[in-house]
Amino acid sequence: GCPDWPGCYGFNTVPSSEDEIRVAQQAFPDQPIEAGKAWNEMIHRYLAGLLGLIILAIFLTSIRQKRQFPLSFSIALLVIFQAFLGMLTVTLNLQPLIVMGHLLGGFAILSLLTLLRLRLANTSINNNQHKIKVSSIYLLAVPVLVIQIALGGWTSANYAAIVCNEFPICNGDWLANYSLWDALQLPPSAESYQYGVFDTLTRMNIHISHRLWAAITFGYLCFIAISISYRTQSHHIKKLSAVLLVVLIIQVLLGISNVYLQLPLLVAVAHNLVAALLLTTLITLLWFYSRHKQEAV
């Protein structure tokens, strides 16, 4: 939307007057102004700036109250790094690795803010009491889901989301031509990565990798939700397990809808939003399950 950073065609808002448009086109003659896209990008930047200020306030409050300093400090560092990735997304013309990293940075900030909220709300538990670790089988669910989110970001960044128009197969004998190495390779150097630089077969492999890991993620998260619900007597944790299953099913249906409907904007945005909801629900479930086990001790 905007070819420069942090401004837009050298302005703090999208150029609108005749003089501003003339100056913008002189500065960026190869980048015609598309006001709709530019405003989308600038609103995103304004909200990112507001988020940065809120996180700064959280960090300063944690120093003053001497609470959760390591976590709030980590979030503050992460939001600075996220801004840096945002800059590179623009200056490197949508380099897929940077775009995917920027997406993961946003999910990481959301996850840490969720964890901070849970810690601050759970003041009744004595930090010095004996703690029982949650099984690594349950904790593994987080990286499994994060890998799926990363593959989704990689699919989107390489414009591979609509290369397959069938489900569950992908354009004929896709399995015979599938290569994970091909799907994970870095794109060749290019002036701009807008609309992607990979050939159709590579994009198919990227898309298929996202689907295959989605099946693994679906099965694993179903196991986690059902297993935790079976092992606890807490109605709250059982309810969280049920919510995780419902959100998971919605996410799968949105993914399938993206294929059949050829990636309509609202469905694509919803797919991203529900992925965030799925991650925060999983973190919340694991958190309360670990606290419940402590209280049982």
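Residues in segment 203-246 that are open to solvent by less than 30 Å² (accessible area, probe 1.4 Å) and in contact with a Phe, Trp or Tyr (Cβ under 7 Å, 6 or more places away or on another chain): Met204, Asn205, Ile206, Ile208, Ile224, Ile228, Thr232, Ile237, Leu240.
Hey, can you tell me all the residues within segment 176-189 that are over 15 Å from Met100 (Cα atoms) and either in contact with a helix residue (DSSP H, G or I) (Cβ under 7 Å, 6 or more places away or on another chain) or in contact (Cβ under 8 Å) with a residue 12 or more places away in the chain (or both)? Walk me through it before giving the result.
Taking segment 176-189 and keeping what is over 15 Å from Met100 (Cα atoms), we get 176-182, 188-189.
Scanning segment 176-189 gives Asn177, Tyr178, Ser179, Leu180, Asp182.
Among the residues making up segment 271-282, those that are of a type in the set (A, V, I, L, M) and open to solvent by 30 Å² or more (accessible area, probe 1.4 Å) are Leu273, Leu277. Within segment 3-27, no residue that is without any contact (Cβ under 8 Å) to a residue 24 or more places away in the chain and more than 23 Å from Gly86 (Cβ to Cβ) sits with its Cβ atom under 7 Å from a residue that is of a type in the set (Lys, Arg) and in a helix (DSSP H, G or I) at 6+ positions apart or across chains.
In segment 170-184, the residue that is farthest from Asn93 (Cα to Cα) out of those that are open to solvent by less than 60 Å² (accessible area, probe 1.4 Å) and either in contact with an Asp or Glu (Cβ under 7 Å, 6 or more places away or on another chain) or at pLDDT 90 or above (or both) is Ser179. Can we say Tyr159 is touching a residue at least 12 places away in the same chain (Cβ under 8 Å), surrounded by 15 or more Cβ atoms within 10 Å (Cβ to Cβ), at positive phi and aromatic (Phe, Trp, Tyr)? Yes, satisfied.
For segment 27-43, a residue qualifies if it is open to solvent by 60 Å² or more (accessible area, probe 1.4 Å) and either at pLDDT below 95 or among the polar types (S, T, N, Q) (or both), and the qualifying residues are Ala27, Pro29, Asp30, Gln31, Pro32, Glu34, Lys37, Asn40.
Restricting attention to segment 71-112, which residues are open to solvent by 70 Å² or more (accessible area, probe 1.4 Å) and either at pLDDT 95 or above or touching a helix residue (DSSP H, G or I) at 6+ places or on another chain (Cβ under 6 Å) (or both)? Quick ask: steps written out before the conclusion?
If we filter segment 71-112 for residues that are open to solvent by 70 Å² or more (accessible area, probe 1.4 Å), which is where we start, we get 73, 77, 80-81, 84, 91-92, 97.
Across segment 71-112, the qualifying residues are Phe73, Leu77, Ile80, Phe81, Phe84, Leu92, Leu97.
The values are calculated or read from the model by the stated rules, or taken from the named source; none is laboratory data. These numbers were taken from a predicted model, which means no experiment stands behind them. Don't worry about glycine lacking a Cβ; one is built from the backbone with ideal geometry, like all the others, and counts go over all protein chains shown. These accessible areas exclude ligands, DNA and RNA; they are computed on the full protein's heavy atoms, side chains included. Shrake-Rupley method; radii C 1.70, N 1.55, O 1.52, S 1.80 Å.
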